[in-house]
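Each reported figure results from applying straightforward, stated rules to the coordinates on display, with no laboratory input. Just so we're clear, the structure is a prediction, and the values are computed from it rather than from any experiment. FYI the Cβ positions are ideal-geometry reconstructions off the backbone, even for glycines, and counts take in every protein chain you see.
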Amino acid sequence: MKKGVVLLFTAFLFGLGISFAQDSDQINVQAVQLENGSLMGYLTANATNPNTDTNCYAKASNPETSYNCLVGALQKTGLDKALADKGSFTLFAPTDQAFKVYATAAGETAFHDLVNSPDTLSALLKYHVLPKAFTLDDLYYMASGLNGTTTLPTLEGQNLAIHFSGNSGGNTMSSVTLGSAHALAPTMVFNNGNLISIDDVVALPAS
C-alpha cells in the first residue's frame, strides 16, 4: 500500500514539473523520496562491508552510493542504535566516496587517529545530525530570508551552516553546501527522520 502511495506521490511531483534529476551540482530541493523503514535500516542495506579501517571506502563497489565507512563509524560509536530507534532526525550522510575525499585531504595519519578515537569520531558524526526532521525544501525557505544560509544546532551541540545558491524557473533548484560538502540528492524521508547524502565529511569547527 505504502509503495503505491510513493508511486502516486512521485507521479504527482513529476506532474508539477518537479524532477529528481540533478543539473550539475544543483538539485531540486522541493523533491522528496518516501522510503519504508528507519534511517539506519537504509544505511545498513547500502553497506555491504561496514568498517572503520583507514581505507574503509576502498571496499565499496559503488562508493558514490554506499555507506560502509559511515555505518562502521556509527556502529563503533553506538550511534547506530539512535538512528534505528524512534525519533525525528535529519542526517547529512557522507557516502564512501565522501570519506575518501575527507581522508585524502586530512592525510592518512589524521584519518587513522580519527577512526580510532571513539569520542572524536562520535562528535564528528553528531555534527552531521540535526535533532529534528527537515527536508531541503524546509531548510531552503528558512534560509531564503537570511542571504541563503540557515544555521541550526546539531546533536554535537555546535551549529551547522547550510547554504543554498541558485534557482531555475518555477522549481527550486539549488546548490546546497555544508562547509566543503555538497548535497548529492533530494531528501529521503524515513519513519524516524530524513536523510540527505553529501559528497564530503563536514569538519568540526576549530575550537
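Of note:
- Straight-line cross-link reach from LYS81 at under 17 Å between alpha-carbon atoms covers these aspartates and glutamates, not counting any fewer than eight positions away in the same chain: ASP119, GLU156.
- Most mobile of GLY193, GLY72, GLY145 in a GNM of the chain (Cα contacts under 10 Å): GLY145
- Sequence-distant contacts, meaning Cα pairs under 8 Å at least 6 residues apart, place the relative contact order of segment 141-192 at 21 percent.
- Taking 0.36 nm per residue of separation and subtracting the Cα-Cα distance, full extension of the segment from GLU64 to LYS86 would add 5.2 nm.
- Fraction of beta bridges assigned by DSSP in the chain that are antiparallel (%, nearest 5): 70 percent
- For segment 106-160, the calculated P(r), taken from all Cα-Cα distances in 10 Å bins from zero up to the bin holding the longest distance, is 22, 37, 25, 16, 0 percent.
- Among HIS112, HIS182, HIS163, residue whose mean-square fluctuation peaks in a GNM of the chain (springs only between Cα atoms under 10 Å): HIS112
- Folded to 0 to 90 degrees: helix 2-15 orientation relative to the chain principal axis, Cα: 60 degrees
- Förster radius 25 Å - calculated FRET efficiency between GLN158 and LEU34 (Cβ-Cβ, nearest 0.05): 0.25
- Restricting the calculation to Cα atoms, segment 91-207 shows an Rg/Rh of 0.98 when the hydrodynamic-style radius is the Kirkwood one.
- Within the chain, all pairs of alpha-carbon atoms sorted by distance into 5 Å bins from zero give the percentages 1, 8, 15, 20, 21, 17, 11, 5, 2, 1, 0.
- The chain, dipole about Cα centre (Lys/Arg Cβ +1, Asp/Glu Cβ -1), debye to the nearest 20: 520 debye
- For the pair ASP113 and ASN49 in one chain, pulling the backbone fully straight at 0.36 nm per residue adds 21.0 nm over the alpha carbon distance.
- When the Gaussian network model of the chain links Cα atoms closer than 10 Å, the mean-square fluctuations of ALA31, ALA93, ALA110 top out at ALA110.
- For the residue pairs LYS86/LYS132; LYS76/LYS126; LYS59/LYS86, alpha carbon separations beyond 23 Å are given by LYS59/LYS86.
- Rel. contact order, % - alpha carbon contacts under 8 angstrom, at least six apart, segment 2-198: 29 percent
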